[in-house]
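Since the structure comes first, as structure tokens, the remarks are kept for the end.
The values are calculated or read from the model by the stated rules, or taken from the named source; none is laboratory data. From a predicted model like this one, the values you see are computed outputs, not experimental measurements. Cβ: placed from backbone, ideal geometry, glycine included. Neighbour counts: every protein chain shown. When the accessible area is computed, the model is the full protein with side chains, heavy atoms only, and any ligands, DNA or RNA have been set aside. Shrake-Rupley method; radii C 1.70, N 1.55, O 1.52, S 1.80 Å.
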Amino acid sequence: MSGATLILDIERVAHGGVCVGHAEDGRVVFVRHTLPGEQVRVEVTEERRSYLRADAVEVLRSAPARVPPPCPWAGPGRCGGCDWQHVDLAEQRRLKATVIGEQLAHLAGVTRGVEVQAVPGDEDWLHWRTRMRLATDGQGRAGFHRHRSHQIEPIGDCLIAVEPADVPALVQRVWPPDAEVTVDVSSTGERAVAVGSHSATVTERAAGRDFAVPVGGFWQVHIGAAEVLTRHVLELAGPQRSDRCLDLYAGVGLFAAALAPHVRTVTAVESDRRAVAAARRNLRGLPVEVIGARVDRWLRSAVNADVVVLDPPRKGAGRDVVTRLAATGARSLVYVACDPAALGRDAATLIALGYQLVDVRAFDLFPMTAHVECVTLFTRGAV
Ligand SMILES: C[S@@+](CC[C@H](N)C(=O)[O-])C[C@H]1O[C@@H](n2cnc3c(N)ncnc32)[C@H](O)[C@@H]1O
């Protein structure tokens, strides 16, 4: 059925930048480039036994929140970077809030109204992204991957990139074929372009400190993210002078640096070799021990903690790590999550182990895309 066209009534938003309709045979169809309430002609892009994926190629009845996409390279079959270019800005946030609420309810049995907050720094939700990863084709032309494809969409610019990234200049150059080109723009005004791995660093400034960050390595990508996340992590952690804290999946030490002045000790655990070296440099002089290890392996030894901050990659921490975290005896866990589904799964494990989800804050760190960041607090026992 791949390539077939269908006419669908779109029912609701789902996780992952898609909305849901039903084919005549009853199968669910996950449709990109549409909105709840629309009637669209779709082209099927993938067929599975129990569901289909499709792109809306013609809008027969449009939703009031539909707008012309600001980006000329977005749309069915084109650049796969943004999911919601065709959606009014306020509605993008409502869709993300709906997805968070549904994932928490469905996976963790928690009913909670969530509001997705804007983050300072972007201009009408464009020009916010300080880290870009372009891919090059066989001729060395740089662009972005199409959705769920290895094919590269040639582009002239990227409207979500901060302007100093100068994407137009990058896509005009010829690069090594089949490579990855990264551009990092730091808050201190540096611009670093690299092909593949690199030993250089840029300097980021956040929460009153400087951080060395490896070029092409992890740093929060939204121009306002580091400040906003640090502030909310600290507030939810509620640190006390006698606390032993863990900062897990610590990157170059952003949250450890924020916690350290308020507590007895912080142990920061990170597996990326370059990030570990940068964190040791960034956290010098603070009561922080930086451990270069995988969190799952490190937690196999006996660990005691009062407060845990964890900011795992997209797939979440997983049942084994979460179970070991509960065994640390921590009274509070501040879980920073970039995927509401992974958060929902890990929340279910924590709740089964006696923790309560007491606060959920959501931030629009990725405007125009379906991604959203949550900062959540789990507590157990008297706090
Ligand atoms: C979402 S980033 C968070 C970084 C940091 N909290 C920050 O805000 O800058 C996740 C980090 O986890 C690291 N990581 C991924 N898997 C890991 C693992 N199994 N053990 C330890 N660190 C891991 C990555 O290298 C990355 O630095």
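Which of rounded, prolate, oblate describes region 201-301, given a ≥ b ≥ c as roots of the alpha-carbon gyration tensor eigenvalues and a/c under 1.5 marking rounded, otherwise prolate only if a/b is larger than b/c?
Note, shape of region 201-301 comes out oblate.
Can you give the calculated 222 nm mean residue ellipticity of the chain, where each DSSP H run of n ≥ 4 adds -39,500 (n - 2.57) and the sum is split over every residue, rounded to the nearest 500 deg cm²/dmol?
Mean residue ellipticity at 222 nm (helix-derived): -6000 deg cm²/dmol.
Place a +1 charge on the Cβ of each Lys and Arg in region 131-202 and a -1 charge on the Cβ of each Asp and Glu, then give the dipole magnitude about the Cα centre in debye, rounded to the nearest 20.
160 debye
Hey, any idea what % of region 248-316's accessible area is carbon plus sulfur with a 1.4 Å probe?
46 percent
Relative contact order of region 131-202, please, whole-number percent, based on alpha carbon pairs below 8 angstrom and at least 6 residues apart. Intermediate results must be reported in sequence, preceding the final value.
Numbers: 129 pairs, mean separation 23.9, N = 72.
Relative CO of region 131-202 lands at 33 percent.
May I ask you to derive the relative contact order of region 5-66, considering only C-alpha pairs under 8 Å and at least 6 residues apart, and to give it as an integer percent?
The normalised contact order for region 5-66 reaches 31 percent.
Let me know the charge dipole size of the chain about its Cα centre in debye, to the nearest 20, where only the beta-carbon of Lys, Arg (+1) and Asp, Glu (-1) is charged.
For this selection, approximately 1240 debye.
DSSP loop (so not H, G, I, E, B), at most 11 other Cβ within 10 Å: list which trypsin sites (Lys or Arg not before Pro) in region 176-256 pass both filters.
For trypsin sites (Lys or Arg not before Pro) across region 176-256 that sit outside H, G, I, E and B with at most 11 neighbouring Cβ atoms in 10 Å, the list reads R241.
I'd like the carbon and sulfur percentage of the solvent accessible area for region 131-202, probe radius 1.4 Å, heavy atoms only, ligands and nucleic acids excluded.
Carbon plus sulfur share of accessible area: 50 percent.
Along the charge dipole of region 22-134, pointing to its positive end and built from +1/-1 on Cβ of Lys, Arg, Asp and Glu, which listed residue (A108, L95, V31) has its Cα farthest out?
Going by the charge dipole, the pick is A108.
With the cut-off at 1.5 for a/c, could you classify the chain from its C-alpha gyration tensor as rounded, prolate or oblate? It would help to have the intermediate numbers written out before the result.
Numbers: a/c = 2.04, a/b = 1.32, b/c = 1.54.
Oblate, because a/c is 1.5 or more while a/b does not exceed b/c.
Kindly provide log₁₀ I(q)/I(0) values, in the same order as q = 0.21, 0.24, 0.28 Å⁻¹, from the Debye equation applied to equal alpha-carbon scatterers of region 131-202.
-0.89, -1.12, -1.36
Considering only protein heavy atoms and a probe of 1.4 Å, how much of the accessible area of region 322-383 is carbon and sulfur, as a whole percent?
54 percent
For the chain, what is the accessible area per residue in Å², given a 1.4 Å probe and the full set of protein chains?
For the chain, the per-residue accessible area is 44 Å².
At most 11 other Cβ atoms within 10 Å and a DSSP loop assignment: could you name the GluC sites (Glu not before Pro) in region 1-91 that fit?
Passing both the DSSP loop test and the Cβ count: E24.
So for the chain, averaging the separation of alpha carbon pairs under 8 Å that are six or more residues apart and normalising by length, what relative contact order in percent results?
Answer for the chain is 13 percent.
Just report the Cα centroid separation between region 309-383 and region 10-29, whole Å.
Result: 28 Å between the Cα centres.
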